[in-house]
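Down below is the structure, laid out as structure tokens.
Derivation of every value follows stated rules applied to the coordinates shown; laboratory data play no part. Remember, it's a predicted structure, so these values are computed and weren't measured experimentally. Here Cβ is always computed from backbone atoms with ideal geometry, including for glycine, and neighbour counts include all displayed protein chains.
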Amino acid sequence: MLHFEATLLGHLFFGLSLLVIVALLRKNDGLWHLLLLGSLGIIFYASSLVTLFIGWEMMGWSGYFILSKTARVSTLQRYILFNLGGAFALLGAIALLFSFMGSMMLCDIDLTLLPVWALHSVSALVLIAVFVKSGIIGAHDWVVDSYQEASPLFSAVLSAILSKAGIYLFIVLLLKQPHDERVLFELMAWLGAITSVVATFKAISQDEIKRLLAYSSIAQLGYIITALSLMQAYALEAALYHTVIHTLVKLLLFVNVAAIMAITGKERFSELGGLLYRVPLLFVLLVIGIIALAGMPLLGGFNGKFLLYTALLEEKRALLLATVMFSSASAFLYCYKLVYGIYLGQRPHDESPLHVSPKSYYIPQLLSAALLILLGFLPALPTPLFSAIGVEAGFSALEFTKPSILNSPFGSFNGAVLMSAFGVVFVLILGLLQRVHSKAKAAQNAQDISYCGEVPKAGVNLHFGYGMGHELGRIGFIAFILRRQSRRFWDYLNLIVGDLSILLRSLYALGTQHILLLSLLGFTLLLLGGL
Amino acid sequence: MFDSLHPLITMISLAIFGVALLGVLVKKNLFKIFLAFSVAESALFLFFIGNHYTPGLKAPIAADGITRFDPAFMVDPLPQAMILTTIVIGIAVSALGLSMVIRYYKLTGHMRIDKMDELGEEQ
Amino acid sequence: MNLKRTLRVETLLVALLVSVTTLVLMQILLNLHLAGHSLGDEILHINAASTQSANAVTSVVTYFRGLDTLGEVSILFLSIFGVALHMPRGSKNLFSYHNTLLYIGVSILFPLMLLFGVYVILHGHLSPGGGFQGGVIIAGAFLLRFLTYGDHYELKERVVSLSESLSGAGFIVLGLLGLLVGDRIFTQILPLGTLGELLSGGVIELIYIFVGLKVSAEISLLAEHFVKAHNV
Amino acid sequence: MSLLLFILLPLLAIFLMPFYRAYLHYVSTVLSMALFGLALTCKAALPLVERVAVDLPLAITFELSSVSWLLVTLFTLSMSLFSLYHLRFSSNKALFVGTNMLLVGVIGLVLSRDIFNIYIFFEISSISAYLLTSLNQDAKAYGGAIRYMIIGAFASLFFLLSIMLIYLTIGVLDLQMIAQRFNLIDEQVQYLILLSLFIALGIKTELFGLNFWVPDVYQASRSAVSGLFSAMLSKSYLFLLFHLAYLLHVSTSQMAFLTLVAALTFAVAEFSALKSRETKRIFAFSTLGQIGLIALALSYGDTALTEAALFLIIVHALAKLMLFLALDLLERRLGSTKSEIFARFESLFLMAVFTVGALSLLGIPPFAGFAAKLSLLKGLAGLEAYGAMALILTVSLIEAAYLFRLLSGFRQGEQKMVVTLSPLERLIFGVMMFALLLLGLMPQPLLALCQEAAQAMLGGYHAAL
């Protein structure tokens, strides 16, 4: 049943998952994490469809049992039902493929041989699995609840690596599509873009930190889905690059939040603030993560976005490019909220004691921050690996000159020069501020805003970090997004299925004589029918 | 009137079978249901043996003068053996059923089939 | 008499359905073409030769289809066991009124019925009757005693269960012997004797004695449990 | 060595019961294990045909084809596991007689090739099932048993009617000879015989429209006994129904009707399990669902699908027996089988047992259910039965919903009763879990056996088409 084969793509994804899981391994739930790592290994090194599916399902239910330590039953049910829904769709696609291909081996899969209707149904079924796993809008309820209710470190694993399984599945199964049958992937591109816009605005209006990060990973995965749906060499590199960056960023952010929760025991913006001077190192690490997350030119985050924008330009998808840019720009709002809400502003009034965060939380953060900075200096470092994967998947090789120069269809930029220039400017401004800081007057308490001629009452908390998203609701377009709840659709569906089950179950509460009557009725009707 | 008794026997036995089925489906008392089942079984036996019997044939036993077993003047012994077995099975089922009904009556105080509500979802 | 109370609508509907079913069955089964040559004719031809038993039905029941009888005996055992399980023997007899006329009559009749029962069992392969019929006659005799002797009369548990189990085991061992001695289960391992003699029919007679013993023990046990089910 | 030993030895053990009244559970274990060993030894000499007392056309033929061999081995294995589980408890006369009679009836149904003899084993298995249902001797048990008897008597009426019609119109009782002469009789009587057989066996196979009594019976009887019912009873009737259907060359439109009924069985049963609060009823609905699935696969008459169905029969019997025995453990300690007992016990081993059982039922890798579901879907895709595939995949989601709701009970509840298992119980459940895992990872050897059995079962049917 199990056939394995090492591929470059497998090495990349398994390397990432190894990095994430080993970095977050704790002693008490080690067994389940190793089982999870095993199932990821099975997925990423599977050479037959059956092995891929076995790994996929084992990842599903081992994740279920880790999540079941902390999550509520309704979230667990939602998690397992969405995941199994995707998995059964994948199983249907595998059975369908087998009936046409005759063999289960991945190397024999050639989608061009399929008749059109079979191609569309197989792609649709696999896409269901991909969409559910990466939490595309509509199938994202389980993502948000599970990330919030998982233990802090496991939500890091969930967001950093488990969500990438869908990406791997798409690359392995659907990337080699015949050119003329692309209508499904047009839809997929738009779905990815819409997801990122909606998820970004939902993220901004969240009060719990982990829900914000959950919506943010949905948004980032939306970019990757859009990149993949273009099926073009640079778009594939953009997707792979963004996968690596997203794994590192989410690992950093979630562990950072875990450290904050370990220190303060709080997980809402409204209960946090002003921790800059308590844990400056965490603040610096978070800022590095934010810069990469927002895709600003400095750190690695920009490279993935840069490739995605140029690929979209090359494919002449202007409207799609505009949407992606809009959502990526507005993404900066929740990045700023993350920094401001936790570290800047003033301490809340309850002054609960602060604990010291465990040392082991710093290691993964430092590791991923270092990698992000490295990718900032040498943006084209992974390009040879990505181009080899692209060639393996049947695309043309990418041009590669030096690790520090990232080329794309519309020009290239030198990361090293950029980073060093920024470093010099940063040091200059820091020195300037340091001298000015000595003459600045320290505010006695949170209420001292005499420079604007107003003295607020004692109870007022001026730290508006948590309220940042509220006024967004007044904008018509965003209010429309925030009000739409796909959860209501799934709950309504659950209600209908529940009522149908109670109705059907009443059949099994019939009296004995009614059962006999039905059988006799059936006998007579069939007899009359058959004569 | 008939060239052979078979149509008559079939009609009578199926009529009894119908009445017995009606008894099973309508009667509320458990005892009567089990009795209706044994009536239905006997109706089937009547139908089966009746259709095997043609007037003038003797029982398949070599006694008082008959020494040769010849199908020309002897009835087919196999249905008799089958019915002998099914009768005993019929007794066995009704004896077990009635003993359970008695015990059920002692436990719940009623023997009505439409009031048997111990099983189901609410319990 | 209030028509509505006696003829509920549901009964009418069910009656309609059942009558439709019966009429359709009648329509099919009335012009039934019977099989020209059936298994029974086959048996009649070879009965004399292979079993030397005068009663063809007995030879079918015990020899040609001996396994069905074994199955049927185990079904009887199963249901009697169920009855004994669900209705344990009370001490009070339902018919414990004392009637001297019945008492004298039954004490005369009891041995005669036993004798007649044994006769019917033993002559299963010669005349109509056999294990089942004889067993039930013997059980009838015991039932008569229950009706008249009141509470203090009861079957000896040891004897009844012993005879029941030994006769059942005997029946099976006879079948297994057929496998060891002959080439298949339930073959004729005893000499066939000549038709019409008491000792004819080979294994048939022995099987029917075992069946007779078992049925008489079980049906009398059944009678006792039903008769003494009063205050359980 | 003869096939009849499978039937005569248990009967002998039952008749000689008064001699070893106190050691019944030991005798039952040794007997079922001996029969299991016997079944394994006669694998080499398949197909074994044996005639009782005389030669055809009068004899009762017994045949151990590779399908029957597979089923007999499964039944004796489940019986051995069942009696091993009961070794700990004191020897119970009724349980000994009921279970061994059930084994005789079920093996007889699978081996016998004579229509009247099948009726005898039909009655033996039914009456022992009635007895086993009423084992608890309380109002609930008797209510269930009486309902079961009434419906069983109704089924045996129709079975009797069909046998009588067969003998009246064809004059023979051996299945092979009936099959040869079946299309000589006129059309309507043929249809009537097939229909009454379908009603009788449909009730016993628990197909849709005829299975509304099943949850009550499973709820009335003890969990361990329900485990036996779902592992042995319904499977043997499934084999009988389709064996007769293939033998009597049922028309493709009637087979399509069977497919529809099977699909309905699967869907309705799984749907009604969703909101049920009584664990035994949930497992009963799950058994009905799996039977619907097996019947669906068998009704296509295709070798690949029959192979998947036979594999599913074995895997489901093992998984369901394990679940019911574990439930029996809980029922004895906690007294009730409402679905909240899952939140009221504390035992890591038992949680693992329920989890493995539920995952295998669902067809989730790496357990055996997955291999069965995969070969089923591959077979259906091969026949381009996409509707059936879609049905199986969507309804499995419903199945996942209620099974995982049960499992989620482990995490809730505060004061939990610690349940300790004896080493023997750990061994039994450990062996069954290992078997499910092994069959999941390496199903090929068993699949090959099922393939050979499927060809044997369908040989005649394909030759005639």
* Structure fact -> Sites removed, the longest contiguous part of chain A containing no DSSP-loop trypsin sites (Lys or Arg not before Pro) with at most 10 other Cβ within 10 Å is A:28-315
* **Under 18 Å from the Cα of C:Lys156 - lysines, other chains or at least 8 residues apart** => C:Lys92, C:Lys214, C:Lys228
* At q = 0.23 Å⁻¹, what is the log10 ratio I(q)/I(0) for chain B, with the Debye formula run over Cα points and no solvent? -> -1.27
* Can you give me the three principal axis dimensions of segment D:45-139 from its C-alpha atoms, in Å, biggest first? => 47, 28, 20
* When you take every Cα atom in segment A:237-300, what is the radius of gyration, and what is Dmax, the widest Cα pair distance, in Å? -> 13.3, 41
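Among the listed pairs A:Lys266/A:Lys337; A:Lys164/D:Lys373; A:Lys164/A:Lys316, which have their C-alpha atoms separated by more than 25 angstrom in this model?
A:Lys164/D:Lys373; A:Lys164/A:Lys316
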* To do: Give the share of C-alpha pairs in each 5 angstrom bin for segment D:98-169, from 0 to the last occupied bin, in whole percents, shortest bins first.
  => 4, 17, 22, 21, 18, 10, 6, 2, 1, 0
* Could you give the nm distance between label points at B:Ala15 and C:Val181, where each point is 7 Å from its Cα heading toward the beta carbon? -> 5.3 nm
* Asked: Hey, what did chain A get for relative contact order, percent, Cα under 8 Å, at least 6 apart?
  -> 13 percent
* Dipole of the protein assembly as shown, positive direction: furthest Cα of D:Pro10, A:Phe332, D:Val217, with charges on the beta-carbon -> A:Phe332
* Structure fact -> Nearest 10, in degrees from 0 to 90: the angle of helix A:49-67 to the longest Cα principal axis of chain A is 60 degrees
* Asked: How long are the semi-axes of the ellipsoid equivalent to the protein assembly as shown, from square roots of 5 times the Cα gyration tensor eigenvalues, in whole Å, largest first?
  -> 76, 32, 26
* Net charge over other residues, Cβ less than 13 angstrom from the Cβ of A:Ser387 (K, R count +1; D, E count -1) -> -3
* Asked: For the pair C:Thr194 and A:Leu525, what calculated FRET efficiency results from E = 1/(1 + (r/R0)^6), where r is the Cβ-Cβ distance and R0 = 56 Å, to the nearest 0.05?
  -> 0.45
* To do: Would you mind giving the three semi-axes, in whole Å and largest first, of the ellipsoid equivalent to chain A according to its Cα gyration tensor?
  => 44, 32, 21
* Once the Cβ-Cβ distance between D:Arg21 and A:Leu113 is put in as r, and R0 is 51 Å, what FRET efficiency do you end up with, to the nearest 0.05? -> 0.15
* Asked: Taking a quarter of the surface of the convex hull around the Cα atoms of segment A:182-313, what do you get in nm²?
  -> 8.1 nm²
* Report relative contact order for chain B in percent, whole number only (criteria: Cα-Cα under 8 Å, sequence separation at least 6). => 26 percent
* Asked: Considering segment D:114-225, what Rg and Dmax in Å follow from its alpha-carbon atoms?
  -> 16.2, 52
* Asked: For segment A:490-530, what value does the Rg/Rh ratio take when both radii are computed over Cα atoms and Rh is the Kirkwood radius, given to two decimals?
  -> 1.26
* **Nitroxide proxy distance, nm - points 7 Å out along Cα→Cβ at C:Val173 and C:Ile104** => 4.6 nm
* **Helix axis angle, A:301-314 relative to chain A longest principal axis, alpha carbon, degrees** => 60 degrees
* Total charge dipole magnitude, segment C:39-147, about the Cα centre, Cβ charges on Lys, Arg, Asp, Glu only, Debye to nearest 20 -> 580 debye
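Could you work out the Kirkwood radius for segment D:126-168, taking every pair of different alpha carbons, averaging 1/r and inverting it, reported in Å?
Here the Kirkwood hydrodynamic radius works out to 11.3 Å.
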* To do: Any chance you could check the Cα centroid distance between segment C:173-197 and segment D:292-328 for me, in angstrom?
  => 42 Å
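Run through every distinct alpha carbon pair of segment D:318-363 and return the Kirkwood hydrodynamic radius in angstroms, one decimal place.
10.8 Å
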* To do: Largest first and in whole Å, give the semi-axes of segment D:251-465's equivalent ellipsoid, each being the square root of 5 times a Cα gyration tensor eigenvalue.
  => 34, 19, 13
* Report, ordered by chain and residue number, the lysines lying within cross-link reach of D:Lys43, taken as a straight Cα distance under 24 Å and ignoring same-chain residues fewer than 8 apart. => D:Lys235
* Put +1 on the Cβ of each Lys and Arg and -1 on the Cβ of each Asp and Glu in segment D:251-465; which of D:Met417, D:Leu376, D:Ala435 then has its Cα farthest toward the positive end of the dipole? -> D:Met417
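With r defined as the distance between the Cβ atoms of A:Ala318 and D:Lys416 and R0 fixed at 56 Å, what FRET efficiency is calculated, to the nearest 0.05?
So the FRET efficiency works out to roughly 0.35.
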* Asked: What does the helix-only formula give at 222 nm for the protein assembly as shown: each DSSP H stretch with n ≥ 4 adding -39500 (n - 2.57), the total divided by the residues, and the result rounded to the nearest 500 deg cm²/dmol?
  -> -23000 deg cm²/dmol
* For chain D, what mean projected area does the convex hull of the alpha carbons give, in nm²? -> 20.7 nm²
* To do: Provide Rg and Dmax in Å for segment C:55-227, with only Cα atoms included in the calculation.
  => 17.6, 58
* To do: For segment A:1-181, count the residues as N, evaluate 2.2 N^0.38 Å, and divide the Cα radius of gyration by that value, please.
  => 1.02
* Asked: With charges set only on the Cβ (+1 for Lys and Arg, -1 for Asp and Glu), what does the dipole of segment D:251-465 come to about its Cα centre, in debye to the nearest 20?
  -> 640 debye
* Asked: Given Cα pairs under 8 Å that are at least 6 residues apart, what percent is the relative contact order of segment D:251-465?
  -> 28 percent
* Between segment C:76-109 and segment B:67-123, the Cα center-to-center distance that results, in Å -> 21 Å
